[in-house]
Amino acid sequence: MASECFVTQEATQEILLRVTNVCAECYDDINEGDIIHYDMQNYRYLCKNCQERLCAQMNENCEVVEDDSPGLFC
Ligand SMILES: [Zn+2]
């Protein structure tokens, strides 16, 4: 699943040391080599699970919407 709202990258030691070593949403540990997603709206890193969950709630402007309309663009 790809979304233009996020930048998918591999966690590097530099990110872990300089930015964060936990997911900004669920606070799960991020380890070097993990696939992580940079949330360009909120300037934070998310794990795969949180990215998928948020992505499903986002509209085409990358805004989280509260209703249950299916987010097909992800
Ligand atoms: Zn998470």
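Every number here is computed from the coordinates shown, using simple stated rules; none is lab data. This structure is a prediction, so every number in the text was calculated from the model and none was measured. Every residue, glycine as well, gets a Cβ built from its backbone with ideal geometry; the counts of neighbours run over all protein chains shown.
Ordering of 24-31, 52-59 by packing is 52-59, 24-31, highest average first (other Cβ atoms within 10 Å, averaged per residue).
Counting only helical runs of four or more DSSP H residues, what would the 222 nm mean residue ellipticity of the chain come to if each run contributes -39,500 (n - 2.57) and the total is spread over all its residues?
Numbers: 2 runs with 16 residues, N = 74.
Computed ellipticity for the chain at 222 nm equals -6000 deg cm²/dmol.
Rg then Dmax, both in Å and based on the Cα atoms of the chain: 12.3, 38. Using only Cα atoms, find the angle between the long axis of helix 48-57 and the longest principal axis of the chain, and express it within 0 to 90 degrees, rounded to the nearest 10. Value to nearest ten degrees: 20. Sites listed here are chymotrypsin sites (Phe, Trp or Tyr not before Pro) in segment 30-62 whose DSSP assignment is loop and whose Cβ has at most 16 other Cβ atoms within 10 Å: Y43.
Over segment 6-57, Cα pairs under 8 Å with separation of 6+ residues give a relative contact order of 37 percent.
Where the only charges are on Cβ atoms (+1 Lys, Arg; -1 Asp, Glu), what is the dipole of the chain about its Cα centre, to the nearest 20 debye?
Values: 4 positive and 15 negative charges, 38 e Å.
Using Cβ point charges on Lys, Arg, Asp and Glu, the chain gives about 180 debye.
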